[in-house]
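A.B. asks: One structure follows; several queries about it will come next.
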Amino acid sequence: MAEKKGIVKLFLKFAIGVLIIPVAFGISIAFYKNLILIKELSGSLNSFLWGVASYTFLHVLFYKPTYLYVLGHEAVHAGVSWVMGGKIKSFKASSEGGSVGTTKTNTVVELSPYFVPIYAIIIAIVYFLVAASYNVNHKVFIFLIGFALAFHMISTIEVMKVRQPDIVKSGYFFSIVLVYALNIAVISLIFSLKFPSFSEKKFFIDTWLYSKSVYIGIVKQLFS
């Protein structure tokens, strides 16, 4: 009985994953359209791209900071569980892997490390705290954000190639589509906090409009 319920649950999540594919397309288009409108990046875009390129170069040719990724991964598991009312019973992190024992778990807790770029968020918080009292080199911050986001995205993609228990438990296809969309949503939130010309409200309105147009196009193709 329990096994049958598990199969039904996975099937429903797969179906939901298929249904939210248009949202993944819509949020991608909306992010790109709003990204190119960021006035503050007109003189700093190269710094952001250098940050992305620098981490990619480091990861591919020299060093993969696996321990840092695992530490952040498990910390997000623990933090989200705690925020949702859970208690942390154990915490382990090493370059070989990690685990967290909590009294509260669900799909959000299980998938949160894959769509929360914890180090980019930490860098943004530190920047805002320091910039409130001191002059901070804007381009250095942009570089570090690019570096941290590349670290998160590349490491997450690499990890998701392996059948992670978190991903398998939530359904592989459903998890990939959801994680992709939520990554863009979280990154857009970081950008909206830093760049006044990046409107989170406009981004979500655009996401809705582009997603709706994809849904309408699919319905027309199926029933016309």
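The values are calculated or read from the model by the stated rules, or taken from the named source; none is laboratory data. Keep in mind that this is a model prediction, so the values were computed, not measured. All Cβ positions, glycine included, derive from the backbone under ideal geometry; neighbour counts span all protein chains shown. These area figures cover heavy atoms from the full protein model, side chains too; ligands, DNA and RNA do not enter into them. Shrake-Rupley method; radii C 1.70, N 1.55, O 1.52, S 1.80 Å.
A.B. asks: Quick one: putting +1 on the C-beta of Lys and Arg, -1 on the C-beta of Asp and Glu, what dipole do you get for segment 1-142 around its Cα centre, in Debye to the nearest 20?
C.D. replies: So the dipole magnitude of segment 1-142 works out to roughly 340 debye.
A.B. asks: Right, something else. Would you mind working out the accessible area per residue for segment 1-111, using a 1.4 Å probe, and quoting it in Å²?
C.D. replies: 63 Å²
A.B. asks: Here is a follow-up. By per-residue mean of other Cβ atoms within 10 Å, what is the highest-first order of 209-219, 29-39?
C.D. replies: For the peptides 209-219, 29-39, the packing ranking is 29-39, 209-219.
A.B. asks: Assuming a ≥ b ≥ c are the square roots of the Cα gyration tensor eigenvalues, decide whether segment 60-129 counts as rounded (a/c under 1.5), prolate (otherwise, with a/b larger than b/c) or oblate.
C.D. replies: Since a/c reaches 1.5 but b/c is at least a/b, the shape of segment 60-129 is classed as oblate.
A.B. asks: State, as an integer percentage, the relative contact order of segment 1-149 based on alpha-carbon contacts under 8 Å between residues 6 or more apart.
C.D. replies: Relative contact order here is 28 percent.
A.B. asks: What's the carbon and sulfur percent of the chain's accessible surface, probe 1.4 angstrom, rounded to a whole number?
C.D. replies: Taking all protein chains in place, the chain shows 71 percent carbon and sulfur surface.
A.B. asks: Between rounded, prolate and oblate, where does segment 95-224 land on the alpha carbon gyration tensor, with a ≥ b ≥ c its root eigenvalues, rounded for a/c under 1.5, else prolate if a/b exceeds b/c?
C.D. replies: Oblate, since a/c reaches 1.5 and b/c is not below a/b.
A.B. asks: Separate question: For residue 66 and residue 139, calculate 0.36 nm times their separation in residues minus their Cα-Cα distance, and state this gained length in nm to one decimal.
C.D. replies: 23.6 nm
A.B. asks: Please give the residues of segment 43-75, grouped as numeric ranges, whose backbone N is less than 16 Å from a label point set 7 Å along the Cα-to-Cβ vector of residue 122.
C.D. replies: 65-75
A.B. asks: Once a ≥ b ≥ c are taken as the square roots of the eigenvalues of the Cα gyration tensor of segment 21-140, is the result rounded (a/c under 1.5), prolate (a/b larger than b/c) or oblate (a/b not larger than b/c)?
C.D. replies: On the way: a/c = 1.69, a/b = 1.52, b/c = 1.12.
Note, shape of segment 21-140 comes out prolate.
A.B. asks: May I ask for the percentage of alpha-carbon pairs in the chain that lie more than 25 Å from each other?
C.D. replies: 49 percent
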